[in-house]
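Worksheet: one structure, shown below.
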Amino acid sequence: MMIDVEKKELMYQTLADCKLLPLYTATDLSYLPQVEELLLRNELPFIEVTFRSDLALEAIKQLAASGKLIVGAGTVRTLQEARDATSNGAQFIVSPAIVPEVIEFCLERNIPVFPGTATPRDIQQALDFGLHVVKFFPADIYGGLKAIKSLSGPFYDVKFLPTGGIHESNFLEYVNAEEIIAVGGSFILSEKMIREDVESADEHLQQLVQLLKKAK
């Protein structure tokens, strides 16, 4: 897969506009049609399918099939996972750490990649690859928004995608900060939410979107 420059820039802008990146771990593929329907209904075009289950690749493939969602792969720790994910329709890659071979693979194909960072050294490594948008993980353990704001002093040209410890009660604090491109988490939508009550999952998404709109 090769993504052209304009499409890549549009993906970053779309993410910055919608502010929410659901992290989804699939253990039952039968819920995927509802996942797509709920996200589209609530105008949330992104989803990150994590490599935390054996069904990740098939979930990516199925969610990418219609072309209506911007589907990415998360928890990508190896070059093979990056290859497999993009071969099955992933349009962006998220890693929990700096994985040089994954970053290089994505850069060669112009695929957006969000490496996990937590320290100044991590962020500098990402910058050395020419990346100016990074994942900040786990956000709650490494100081949250206060840490991000401090890191943004020397790294003023970097935008952060924090995940870990972000939830309904604090996500607005993050997305209202200029250093943040978007926030990620399973608090947005999860298989468990759909399994327990799909209508409640829909209402939950509506509430998150409404809170975002009021905050703008």
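Under 9 Å between Cβ atoms, at least 6 apart or on separate chains: pull out the pairs that start in the range 49-60 with a residue that is closer than 15 Å to G184 by Cβ and outside any loop (DSSP other than H, G, I, E, B) and end on any residue that is among the small types (G, A, S) and open to solvent by 10 Å² or more (accessible area, probe 1.4 Å).
Hits for this filter: T50/S186.
How many of the residues making up the range 127-164 are in contact (Cβ under 8 Å) with a residue 12 or more places away in the chain, part of a loop (DSSP other than H, G, I, E, B) and of a type in the set (G, A, S)? First the steps, then the outcome.
Keep residues of the range 127-164 that are in contact (Cβ under 8 Å) with a residue 12 or more places away in the chain, which gives 127, 129-142, 144-145, 148-149, 151-152, 154-155, 157-164.
Checking the rest, the ones that are also part of a loop (DSSP other than H, G, I, E, B) come to 129-132, 137-142, 152, 154-155, 157-158, 163-164.
Going one step further and asking which of them are of a type in the set (G, A, S), we end up with 130, 139, 152, 164.
Total meeting the criteria: 4.
Given the criteria closer than 23 Å to K216 by Cα and either outside any strand (DSSP E or B) or open to solvent by less than 20 Å² (accessible area, probe 1.4 Å) (or both), does I123 qualify?
no
Quick check on G184: is it small (G, A, S), surrounded by 14 or more Cβ atoms within 10 Å (Cβ to Cβ) and either in contact with a Leu (Cβ under 7 Å, 6 or more places away or on another chain) or part of a helix (DSSP H, G or I) (or both)? Steps first, answer last, please.
Values: small (G, A, S): yes; surrounded by 14 or more Cβ atoms within 10 Å (Cβ to Cβ): yes; either in contact with a Leu (Cβ under 7 Å, 6 or more places away or on another chain) or part of a helix (DSSP H, G or I) (or both): yes.
The answer is yes for G184.
Here's a check for you: in the range 1-26, which residue that is out of contact with any Pro (no Cβ under 8 Å at 6 or more places or on another chain) and of a type in the set (S, T, N, Q) is least open to solvent (accessible area, probe 1.4 Å)? Let's see the steps before the verdict.
First, pick out the residues of the range 1-26 that are out of contact with any Pro (no Cβ under 8 Å at 6 or more places or on another chain): 1-2, 4-7, 9-10, 13, 15-17, 19-26.
Those still in the list that are of a type in the set (S, T, N, Q) too: 13, 25.
Numbers: Q13: 98, T25: 48 Å².
By that ranking, first place goes to T25.
For S53, work out the one condition from (1) within 15 Å of the chain's Cα centre (by Cα); (2) of a type outside the set (A, V, I, L, M, F, W, C); (3) open to solvent by less than 30 Å² (accessible area, probe 1.4 Å) it doesn't fulfil.
(1)
Residues to consider are G116, G130; find the one that is open to solvent by 20 Å² or more (accessible area, probe 1.4 Å) and among the small types (G, A, S).
Numbers: G116 fails: open to solvent by 20 Å² or more (accessible area, probe 1.4 Å).
Residue meeting the stated conditions: G130.
Can you tell me how many residues within the range 87-104 are open to solvent by 10 Å² or more (accessible area, probe 1.4 Å) and in contact with a strand residue (DSSP E or B) (Cβ under 8 Å, 6 or more places away or on another chain)? Step through it out loud before you land on a result.
Keep residues of the range 87-104 that are open to solvent by 10 Å² or more (accessible area, probe 1.4 Å), which gives 87-89, 91, 96-101, 104.
If we keep only those that are in contact with a strand residue (DSSP E or B) (Cβ under 8 Å, 6 or more places away or on another chain) as well, we get 89, 91, 96-98.
Selection size over the range 87-104: 5.
For a quick check of your reading of the model, give me the residue pairs whose first member lies in the range 183-195 and is free of Cβ contacts under 8 Å to residues at least 60 places away in the same chain, whose second is among the charged types (D, E, K, R), with beta-carbon atoms closer than 9 Å and at least 6 apart or on different chains.
F187/E168
Given the residues E48, E43, which is the only one that is more than 19 Å from C106 (Cβ to Cβ), at pLDDT 95 or above and among the acidic types (D, E)?
One residue alone meets the criteria, E43.
Output the residues belonging to the range 33-44 that are farther than 13 Å from E191 by Cβ and surrounded by fewer than 17 Cβ atoms within 10 Å (Cβ to Cβ).
E37, L40, R41, E43
Return the residue satisfying two criteria in turn: it lies in the range 188-207 and is open to solvent by 20 Å² or more (accessible area, probe 1.4 Å) and among the hydrophobic types (A, V, I, L, M, F, W, C), and of such residues it is farthest from S95 (Cα to Cα).
The residue in question is V198.
Considering each residue of the range 71-89, count those that are of a type in the set (S, T, Y) and not in a helix (DSSP H, G or I), and give that number. Lay out the reasoning, then the answer.
So in the range 71-89, the residues of a type in the set (S, T, Y) come out as 75, 78, 86-87.
If we keep only those that are not in a helix (DSSP H, G or I) too, we end up with 75, 78.
The number of residues fulfilling the criteria is 2.
So which residues in the range 160-178 are surrounded by fewer than 18 Cβ atoms within 10 Å (Cβ to Cβ) and under 16 Å from the mean Cα position of the chain (by Cα), if there are any at all? Before the answer, list the steps.
If we filter the range 160-178 for residues that are surrounded by fewer than 18 Cβ atoms within 10 Å (Cβ to Cβ), which is where we start, we get 165, 167-170, 172-173, 176-178.
Result: G165, H167.
Going through L212, L189, L172 one at a time, which residue ends up being touching a strand residue (DSSP E or B) at 6+ places or on another chain (Cβ under 8 Å), not aromatic (F, W, Y) and not in a loop (DSSP other than H, G, I, E, B)?
Working: L189 fails: not in a loop (DSSP other than H, G, I, E, B); L172 fails: touching a strand residue (DSSP E or B) at 6+ places or on another chain (Cβ under 8 Å).
Answer to the check: L212.
The values are calculated or read from the model by the stated rules, or taken from the named source; none is laboratory data. All of these numbers come straight from a predicted model, not from anything done at the bench. In this analysis, Cβ positions are derived from the backbone assuming ideal geometry, glycine residues included, and neighbour counts consider all displayed protein chains. All accessible areas refer to the heavy atoms of the entire protein, side chains included, with ligands and DNA or RNA removed. Shrake-Rupley method; radii C 1.70, N 1.55, O 1.52, S 1.80 Å.
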